[in-house]
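Laboratory data are not the source of any read-out in this text; all were calculated from the coordinates shown. Bear in mind the structure is a predicted one, so any value in this text is a computation, not a measurement. So basically every Cβ, Gly included, is an ideal-geometry build from the backbone, and we count neighbours across all protein chains shown.
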Amino acid sequence: MKKITHSFGVELDWVESFASHHEGKVEGNFIIVPKLLMTGQTYFLNCGFGISVLFVDVVYHSDIHLRRVHDKDDFVAIYYNLTVGEASTILNNAANDIGQWSNNLSFIDSTLQSDYIVKAGTETFELCIFVKKELIKEYFKNNPSLKDRADDILNPQLNTIAKFTRMSNDSYHLLMNLRTKEVGGPSFDLHLRGAVQCLIADYIEKMTLEEIVIDTINEADLNAILQSQTYLIENIDKFFPGIEVLAQQCRMSPTKYKSLFKKLTGLTPNSFFLNNKLIEAKRLLIDRQFNIMEISNKLSFTSNSYFTVKFKSFFGMSPKDFIKQLP
């Protein structure tokens, strides 16, 4: 596995070093790397006004371990990641699966070191957006539900920005539309800048103060919460273990555990657990190896009717209707 330590940042002064570490080169706005590592398009752009972006649409042909140790602490990295294959973000030795069918949107403060590990054969489509914290504050101030706490959210003494969640359907379709454009073509920069602005604005406009937990988080606590998420996902075929059990595993009080869990995911532990049950149920329906009742029992839903209600609420259609529309 090829290991590379690098940094990101708004100013794009990291690009030459990034390309060199990949044994590649920079040509215009493209980062060209050997085909033994990956094939596809890697494109960077300064969007102005404290924003830059890295567009990645590649297939990896070698295992790669990227360690991100940033030189500056004045920005937030936002990763929209629709990878199909094996990819994970690691913070303090705790892995968090990343990709189209798992957490596909993450916000990571530039003060936090992170690792990104990709297996050969993985197809990655990712938009990495780097935004100055001062600019994010301006976005917050334009959101009525957030403007009064904008200073607290961006105050490093009060809050660490870190979240792993899922992008909205609007963001997904915007990215899919961007992917159809010719990278580097006459209008691509215009489309890319527009997509970046829309993605940032769309997410922040939909945020409410109730969704934001203003709190600092150290890497040990971060590690514990990420391990707890992994534990829940690995046990989605069982009943929810309860807050007391989960908090004890993390060596936290129940109050602290719930607060930090919601900070990182935007969800309560119970909602996170249920959502992943439903995503797994959808996968099993697509596989067609089990019927609706068998899937309900396999994933320990309390009843078939409860499974149907929750599935419809989450996906907008019942399991039966979902099966009917499968090809």
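Here are some notes:
- Quarter of the Cα convex hull surface for region 209-311, i.e. its orientation-mean projected area (nm²): 7.1
- Considering region 28-82, its Cα convex hull presents a mean projected area of 5.0 nm².
- Each Cα pair of the chain feeds into the Kirkwood radius, which the Stokes-Einstein equation turns, at 4 °C and 1.567 mPa s, into a diffusion coefficient of 62 µm²/s.
- If you model region 58-207 as an ellipsoid using its alpha carbon gyration tensor, with each semi-axis the square root of five times an eigenvalue, the axes come out at 25, 21, 13 Å, biggest first.
- For residue 43, net neighbour charge (Lys/Arg +1, Asp/Glu -1) across residues whose Cβ lies under 13 Å away: -2
- Between the C-alpha center of region 141-164 and that of region 260-327 there is a gap of 33 Å.
- For residue 320 and residue 275, the difference between the fully extended length at 0.36 nm per residue and the C-alpha to C-alpha distance is 14.4 nm.
- Förster radius 30 Å - calculated FRET efficiency between residue 207 and residue 36, Cβ distance, rounded to 0.05: 0.10
- R0 of 56 Å, Cβ-Cβ distance residue 17-residue 294: FRET efficiency to nearest 0.05: 0.60
- Unsatisfied cross-links (Cα-Cα over 26 Å) in the set 2/181; 141/262; 3/256: 2/181; 3/256
- Exposed-loop-free span, longest in the chain, where GluC sites (Glu not before Pro) count as exposed if DSSP calls them loop and at most 12 other C-beta atoms lie within 10 Å: 24-181
- Considering only Cα atoms, the convex hull volume of region 1-145 works out to 109 Å³ per residue.
- Three principal axis extents of region 1-57 based on alpha-carbon atoms, in descending order, are 36, 21, 16 Å.
- Compactness of region 185-250 - radius of gyration and Dmax, Cα, Å: 19.0, 57
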